[in-house]
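**Student:** Sharing a structure below in structure tokens format, with a few things to ask.
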Amino acid sequence: MSGAEAIGLISGVIAIIDATIKIYSAVSDVSGLPEAFRDTSTRLPLVRETLQSALQNLEMSDPEDSLYQAIKPVLDGCEQKASRLEELFRTVIPSASASRMERYLRAVRTLGKGSLVESLMQGMLRDVQLLAHNRVMKLATDEQLGELARAEDEVSAIPPSLPPQCLRSISNYGPGIQNVNTGGGTQNNNNGSGQQFIGGTFHGPMNF
């Protein structure tokens with residue numbers, strides 16, 4: 001990764017964060033949203049501020065190529081999380097209705113593991129802390145580093161935006177038949193072409 005590529009990547013993440021903040025700010029009614037959405041919207045400016053410091057540092061200095069190679073995985077990960085977060089905000093927030101939670105659940109299942117709002121926010125805070133701690137970048141004072149660490153701890157204490165049982169799903173990716181019984185009753189399956197007779201005792205003639 002070159003300096004220009006790093007600058008472009010950081011600028012892109014900042015733009016995604018700005019878009020996410022605007023989505024939340026444009027909505028007056030946030031009813032039906034998990035606490036994690038509100039909390040995340042207040043912490044995104046801290047992430048943006050740290051990334052802006054990184055951007056200014058790279059624009060004003062000429063670090064060695066080894067720095068770019070070191071921060072590339074961090075920046076790539078931060079961009080992925082920011083993109084997922086923006087997609088969640090864009091999908092779930094704009095239309096105020098009781099279906100917000102339903103849309104959120106569907107979006108999280110589509111995006112995959114680790115896509116809860118609070119998980120993405122916590123991951124982004126970790127990413128920018130890695131940047132801030134880099135001895136070459138010199139992005140933050142001890143006080144600012146402490147603020148980032150406290151923010152991560154506070155996000156980790158947010159109640160889950162979706163209960164674990166909501167994320168469990170039953171999937172069949174093969175070509176065969178899937179018989180599922182998650183309740184406590186009896187399940188009778190007939191996966192063949194013949195007739196199925198269910199009962200304890202039969203009285204009278206049976207004609208096949």
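No value in this document is a laboratory result; all are computed from the given coordinates. Bear in mind that the values here come from a model prediction, so they are computed numbers and not experimental data.
**Student:** Compute the length gained on full extension between Glu154 and Ala19: take 0.36 nm times their separation in residues and subtract their Cα-Cα distance, giving the result in nm to one decimal.
**Tutor:** Answer, rounded to one decimal: 46.3 nm.
**Student:** Using Cα-Cα distances under 8 Å and only pairs 6 or more residues apart, what relative contact order does the stretch 3-167 have, in percent?
**Tutor:** 33 percent.
**Student:** Using only the alpha-carbon atoms of the stretch 3-167, report the extent along each of the three principal axes, biggest first, to the nearest angstrom.
**Tutor:** Taking the Cα atoms of the stretch 3-167, the three principal extents are 52, 29, 28 Å.
**Student:** Using only C-alpha positions, report the orientation-averaged shadow area of the convex hull of the stretch 34-102, nm², one decimal.
**Tutor:** For the stretch 34-102, the mean projected area of the Cα convex hull comes to 5.7 nm².
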